[in-house]
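K.L.:
Input: one structure, supplied below.
The values are calculated or read from the model by the stated rules, or taken from the named source; none is laboratory data. No experiment lies behind these values; they were computed from the predicted model shown. Positions of Cβ are generated from backbone atoms using ideal geometry, with glycine treated the same way; all protein chains shown enter the neighbour counts. Heavy atoms of the whole protein, side chains included, go into the accessibility calculation; ligands, DNA and RNA do not. Shrake-Rupley method; radii C 1.70, N 1.55, O 1.52, S 1.80 Å.
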Amino acid sequence: MPRITVNGQSHDLDVAPDMPLLWAIRDHLNLTGTKFGCGVALCGACTVHLDGEPVRSCQIQVRDVVDRDVTTIEGLEGKTAKAVQGAWQRLDVVQCGYCQSGQIMTAVGLLSANPKPTDADIDNALDGNVCRCATYVRIRAAVHEAAKELA
Ligand code: FES
Ligand code: FES
C-alpha cells in the first residue's frame, strides 16, 4: 500500500502502485482542484508540485512519489503563491477556469526559480499549459504583476 504525502499530510492509499498520481489525488483524496485534461502530458491541466517543481500528475505513478512532497492547488502556500493568486484575482485572469490551477502551479514554479521572468521566459515556462479560453495575455500580465510584488 503506497504511502504518499500530499499538502503536508501523509496518506496510505489502497491503490495499485502504478496508478497515475492524478487519479489518486482526485479520486482517492478528493482534491479536485487538479484537473484531467488530456492524460498524455499535452495540456498541463493536471500540474502539481513534486518537491516544489511543477510536474504533470497524469504522467507520474503513485510509487514515484513515495517519500516525496506533493503539493496541489489546495495546499499551495507561501509568499510566491500569495503574490500569484493575488495578481490572478486583480487582473481577473480566469475565464472558464478549467486550466487555471495548472497555470497557477506552473507560474509559481517559474517565479520560484526565476523571480524576474521576461515575456519569453513566461511564454517558455507556460508553453505546455493550454487554455481553451485563450487567457494567455492576462496570464503573462499577472505573472509580471506577481514578480513586481515579490521584488
Ligand atoms: S492531463 Fe496531464 S498534461 Fe493534460
Ligand atoms: S480559462 Fe478556460 S481553459 Fe483556460
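K.L.:
If you go through the stretch 107-130, how many residues are open to solvent by 20 Å² or more (accessible area, probe 1.4 Å) and assigned to a loop (DSSP other than H, G, I, E, B)?
P.N.:
7
K.L.:
I'd like to know if the stretch 27-34 contains one or more residues that are acidic (Asp, Glu) and either away from ligand 2 (no atom under 16 Å from the Cβ) or not in a loop (DSSP other than H, G, I, E, B) (or both). I'd like the intermediate steps shown before the answer.
P.N.:
As a first pass, look at the stretch 27-34 and keep what is acidic (Asp, Glu): 27.
Add one more test, that the residue is either away from ligand 2 (no atom under 16 Å from the Cβ) or not in a loop (DSSP other than H, G, I, E, B) (or both), and what stays is 27.
Yes, because at least one residue in the stretch 27-34 is acidic (Asp, Glu) and either away from ligand 2 (no atom under 16 Å from the Cβ) or not in a loop (DSSP other than H, G, I, E, B) (or both).
K.L.:
Do the conditions hold for residue 105, that is, is it touching a His at 6+ places or on another chain (Cβ under 8 Å) and in contact (Cβ under 8 Å) with a residue 12 or more places away in the chain? Before you say what the answer is, go through the steps one by one.
P.N.:
Values: touching a His at 6+ places or on another chain (Cβ under 8 Å): yes; in contact (Cβ under 8 Å) with a residue 12 or more places away in the chain: yes.
So residue 105 passes the test.
K.L.:
When the residues of the stretch 9-31 are narrowed to those that are open to solvent by 70 Å² or more (accessible area, probe 1.4 Å) and within 19 Å of the chain's Cα centre (by Cα), which ends up nearest to residue 129 (Cα to Cα)?
P.N.:
My answer is 23.
K.L.:
Condition first: of a type in the set (A, V, I, L, M, F, W, C), open to solvent by 10 Å² or more (accessible area, probe 1.4 Å) and not in a helix (DSSP H, G or I). Can you find one or more residues in the stretch 51-65 that meet it? Before the answer, list the steps.
P.N.:
The first filter runs over the stretch 51-65 and keeps only residues of a type in the set (A, V, I, L, M, F, W, C), leaving 55, 58, 60, 62, 65.
Okay, now just the ones that are also open to solvent by 10 Å² or more (accessible area, probe 1.4 Å), so 55, 58, 60.
Still in the list and also not in a helix (DSSP H, G or I): 55, 60.
Within the stretch 51-65 (the criterion being of a type in the set (A, V, I, L, M, F, W, C), open to solvent by 10 Å² or more (accessible area, probe 1.4 Å) and not in a helix (DSSP H, G or I)), the answer is yes, since at least one residue qualifies.
K.L.:
Six or more apart or on different chains, Cβ under 9 Å: which pairs go from a residue in the stretch 116-145 that's under 12 Å from residue 44 (Cβ atoms) to one that's open to solvent by 70 Å² or more (accessible area, probe 1.4 Å) and part of a helix (DSSP H, G or I)? Could you list them?
P.N.:
125/113; 126/136; 126/140
K.L.:
So which residues in the stretch 37-48 are in a loop (DSSP other than H, G, I, E, B), surrounded by 15 or more Cβ atoms within 10 Å (Cβ to Cβ) and within 13 Å of ligand 2 (Cβ to nearest atom), if there are any at all?
P.N.:
Selection gives 37, 43, 44, 45.
Listed here are the residues, each with its yes/no results for (1) over 24 Å from residue 57 (Cβ atoms); (2) buried (at least 22 other Cβ atoms within 10 Å of the Cβ); (3) of a type in the set (Ser, Thr, Tyr).
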| residue | (1), (2), (3) |
| --- | --- |
| 89 | yes, no, no |
| 93 | no, yes, no |
| 100 | no, yes, no |
| 105 | no, yes, no |
| 132 | no, no, no |
| 141 | yes, no, no |
| 144 | yes, no, no |
| 151 | yes, no, no |
